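For reference, the structure is listed below as structure tokens.
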Amino acid sequence: MIKNISLNIHLDYGKAGTGEMFQIASIENSETNKDFTNLIDVGEHHDDIKEVIEEISEKLEISIDCIDYDIV
């Protein structure tokens, strides 16, 4: 079971084409470079990164507080 995880999240504002909204281009573990992009729907548009972090925490079955992330 994962206790803490550090992620690099790559956003794509170009694909969303709707002002402040974005899509996720990719997500990887910042320590191991393991790809975690499959945890979310890359076609979905978001306006708040917290939505994405909540979705990741649910799928990994860990607390949101256990996820550190950087937007890169």
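Look through the range 6-23, keep the residues that are modelled with pLDDT under 95 and assigned to a strand (DSSP E or B), and return whichever of them is nearest to residue 66 (Cα to Cα). Even if it seems obvious, please write down each step before you answer.
Kept after step one, since they are modelled with pLDDT under 95, are these residues of the range 6-23: 11-23.
Filter once more, keeping what is assigned to a strand (DSSP E or B): 11-12, 22-23.
Details: 11: 21, 12: 24, 22: 24, 23: 23 Å.
The extreme case among them is 11.
Across the range 48-64, not a single residue is classified as part of a strand (DSSP E or B) and modelled with pLDDT under 95.
Tally time: how many residues in the range 49-72 are of a type in the set (Val, Ile, Thr) and touching a Leu at 6+ places or on another chain (Cβ under 7 Å)? Steps first, please.
Taking the range 49-72 and keeping what is of a type in the set (Val, Ile, Thr), we get 49, 52-53, 56, 62, 64, 67, 71-72.
When the remaining residues are screened for being touching a Leu at 6+ places or on another chain (Cβ under 7 Å), the result is 56, 67, 71.
So the count comes out to 3.
Only residues that are without any contact (Cβ under 8 Å) to a residue 12 or more places away in the chain, within 13 Å of residue 7 (Cβ to Cβ) and either surrounded by 11 or more Cβ atoms within 10 Å (Cβ to Cβ) or in contact with a Gly (Cβ under 8 Å, 6 or more places away or on another chain) (or both) were counted in the range 32-53, giving 2. Condition check: exposed (fewer than 11 other Cβ atoms within 10 Å of the Cβ), within 25 Å of residue 3 (Cα to Cα) and either among the acidic types (Asp, Glu) or at pLDDT 95 or above (or both). Does residue 29 satisfy that? When the stated conditions are applied, residue 29 does not pass them.
The values are calculated or read from the model by the stated rules, or taken from the named source; none is laboratory data. Here the structure is a predicted model, which means the values were calculated and not measured. With ideal geometry, Cβ positions are generated from the backbone for all residues, glycine too; neighbour counts draw on all protein chains shown.
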